[in-house]
1. Any idea of S236's accessible area? Nearest 10 Å², probe 1.4 Å.
2. Once each part is reduced to its C-alpha centroid, what is the distance from the stretch 79-110 to the stretch 9-33 in angstrom?
3. Leaving ligands and nucleic acids out of the surface, order V121, V220 by accessible area at 1.4 Å, largest first.
4. Round to the nearest 10 and report in Å² the accessible area of E86, as given by a 1.4 Å probe over the protein chains' heavy atoms.
5. Using a 1.4 Å probe and ignoring any ligands, DNA or RNA, find the accessible area of Y148 and quote it in Å² to the nearest 10.
6. Using a cut-off of 12 Å between alpha-carbon atoms, which aspartates and glutamates can reach K217, once sequence neighbours fewer than 8 places away in the same chain are excluded?
7. How much area per residue is accessible in the chain when the probe is 1.4 Å and only protein heavy atoms are counted (Å²)?
8. Just going by the charge dipole of the chain, with Lys and Arg at +1 and Asp and Glu at -1 on Cβ, which of P25, V50, S90 is farthest out on the positive end?
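The values are calculated or read from the model by the stated rules, or taken from the named source; none is laboratory data. In this text, all values refer to a predicted model and were calculated from it rather than measured experimentally. Note that we place each Cβ from the backbone using ideal geometry, even for glycine, and neighbour counts take in every protein chain shown. Ligands, DNA and RNA are stripped out before the accessible areas are found, and what is left, the full protein with its side chains, is counted by its heavy atoms. Shrake-Rupley method; radii C 1.70, N 1.55, O 1.52, S 1.80 Å.
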Amino acid sequence: MGVVSQSEERIDDLLWRNLKIIQNPNWFCFSLDAVLLADFLLLRPGDRVVDLGTGTGVIPLLLAARLRNASIIGLELKEEVAHMAERSVSLNNLNQQITIKVGDIKEASAQLGKGSFDLVVSNPPYAPMGTGKISLSPVKAAARTEVYCSLKDVIREGAALLNSEGRFALVHRPARLGEIISLMRDYRLEPKRMRFVHPMLGREPNILMIEGIKNGKRDVHILPPLFIYQKTGVYSEEMAAIFQGKILKEEW
């Protein structure tokens with residue numbers, strides 16, 4: 001079987017260390033949110049990482065480019081999406097660093113091992129059940145709406161996967177910040193770093209990135225805001241640098 005087995009799939013350039021990714025636009029394509037989360041993370045050599053709800057596998061691919069000796073698992077519920085992510089891993093010759101597994105986030109710690117990881121990350125569905133329309137496509141529905149797992153499921157299982165000082169990082173919508181912090185503290189994940197992303201100066205943030213440490217002390221740092229555009233259609237200098245791979249630096 002070839003790398004791309006379906007006519008609707010395409011190979012896209014991630015613009016970082018010559019990485020390529022297979023995507024199916026009829027399902028979904030990775031978003032800016034995933035790229036921003038990969039940039040936000042603080043990484044350590046030898047980190048054991050899990051990406052909950054990995055989708056196309058974009059976050060494991062970007063993290064593998066930063067951490068040469070990392071061990072990264074991408075957990076994905078939909079078997080057909082996991083297979084596509086596996087082929088992207090093979091396409092980039094990263095099978096020694098990345099493993100894609102089919103599994104349910106709600107059972108992640110039972111499947112992968114409690115207390116076994118240094119870092120858990122997630123770009124989960126943003127919309128709670130009962131808000132907005134649910135896509136008729138099961139794949140799109142799983143990516144956008146909490147059909148198969150809730151925010152509580154993601155945070156609970158993320159905490160269970162981590163060792164005693166492990167880190168948990170999430171990208172989400174600012175409107176749910178209060179809920180996120182409350183749930184993190186329920187599961188002994190103390191928020192340590194937060195960053196808000198704004199479309200441009202003068203606009204409210206529409207993306208939130210937050211990192212917590214398991215069993216950590218209360219001492220949160222609010223990082224400077226990130227602005228996507230300096231004006232309509234023109235990326236900010238920092239955003240342009242992220243796309244050019246200048247900020248997604250190697251952590252070897």
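1. Roll a 1.4 Å probe over it and S236 shows about 20 Å².
2. The stretch 79-110 and the stretch 9-33 have Cα centres spaced 15 Å from each other.
3. Details: V121 0, V220 70 Å².
The residues order as V220, V121, largest area first.
4. 80 Å²
5. For Y148, solvent-accessible area is about 80 Å².
6. Within reach: E165, E190.
7. Values: 11770 Å² over 252 residues.
With the other protein chains kept in place, the chain gives 47 Å² per residue.
8. Most positive-ward Cα: V50.
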